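These notes concern the structure reproduced below.
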């Protein structure tokens, strides 16, 4: 696959062995016995070029790789994801990165980011930088020198990619005292048609969901007219994200970047509200007052990101205000309530994807608060008429895909 190779031991070079590979740990320390083996002998979907994977590392890597591979195939552009606990914290297509964001991640703001795959990862990580702390990076295209340098300076546990340019594996292997996990995915790998899971002594079997994501899924526009190409791209990225996010899953997307992802909520509207709050935080982090926060030299990049998020969220505790004042090189004022409201009202052009049917209009009402103008959902609710009327009231285009994308 054209990757930079390391002389890893046969035990750790996952594709080089037929027997189960012992993993560093299970999900929890008390689950010490953990291993991995291919369903079809010899058919490994990925292999370790550096580091010793844990059970969770492989779950994150496999989830992230499927997401970016599928989204890149659907959209024809590099895609990156920042994965935490088997769901993406952020995902993005390759695209423009503004000067302040580039500078925040250690790039020259005047030169920007030349590498499309590095730009995609910056956009994905910056979607929710607080949650992306200690993430697993997944990229659809080979890791180049610019992305390798970026991964070396952020708090990240590992990366999965279809290949590595010369020198990049060696550079990444120096991270975390040699423990940084570098996984190479096989783009030609095709998993078996049936997938199985063992739970409490019971083996469950089902057919893999192999319906491709394509523009044809967005043909059934129930209300609102033809989709702009940019909206269709955002909806397809959103569908790829929710397909690989624990249900109930919803996703807000704008200009090829996820603004907020809701995962694993028992109530869909709770997921819509939580993801909407993340979208609002993403937008408020771009308020001039938040952008202008100037931190002391000793404040690390992740701490600065966390403070930006907390100021954007607008509910600092008294203790946090004290610690923020100590972290700032120059005293700063937070945006007032009125300034927040005026800024929030400017967010628009957002797409919203749901892995399951919107059962009530409340999801639409909440989504409209965060600039949503396009919604894609499977359709088929008993109250679908109310959902359509809510879209009409808010001027939101509604698309029914007819495709449920649950992930459990």
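The values are calculated or read from the model by the stated rules, or taken from the named source; none is laboratory data. What you are looking at is a predicted structure, and each value in this text was computed from that prediction instead of being measured. Cβ placement follows ideal geometry from the backbone for every residue including glycine, while neighbour counts extend to all protein chains displayed.
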Criterion (within 18 Å of residue 291 (Cα to Cα) and under 11 Å from the mean Cα position of the chain (by Cα)) met by exactly one of 127, 80, 102, 89: 127
Any chance residue 351 is in a helix (DSSP H, G or I) and closer than 30 Å to residue 233 by Cα: no
Residue match in the range 203-217 (condition: assigned to a helix (DSSP H, G or I) and within 22 Å of residue 95 (Cα to Cα)): yes
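To keep it simple, each residue is scored yes or no on (1) part of a helix (DSSP H, G or I); (2) outside the structural domain of residue 350 (by TED's automatic domain parsing).
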| site | (1), (2) |
| --- | --- |
| 253 | no, no |
| 270 | yes, no |
| 293 | no, yes |
| 319 | yes, yes |
| 323 | yes, yes |
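Okay, residues lined up against (1) part of a loop (DSSP other than H, G, I, E, B); (2) surrounded by 16 or more Cβ atoms within 10 Å (Cβ to Cβ); (3) on the phi > 0 side of the Ramachandran plot; (4) touching a helix residue (DSSP H, G or I) at 6+ places or on another chain (Cβ under 8 Å):
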residue: 120; (1), (2), (3), (4): no, yes, no, no
residue: 126; (1), (2), (3), (4): no, yes, no, yes
residue: 131; (1), (2), (3), (4): yes, yes, no, no
residue: 138; (1), (2), (3), (4): no, yes, no, yes
residue: 152; (1), (2), (3), (4): no, yes, no, yes
residue: 159; (1), (2), (3), (4): no, yes, no, yes
residue: 190; (1), (2), (3), (4): yes, no, no, no
residue: 196; (1), (2), (3), (4): no, no, no, no
Hey, residue 94 within 22 Å of residue 350 (Cα to Cα), touching a strand residue (DSSP E or B) at 6+ places or on another chain (Cβ under 7 Å), surrounded by 23 or more Cβ atoms within 10 Å (Cβ to Cβ) and modelled with pLDDT of 95 or more or not: no
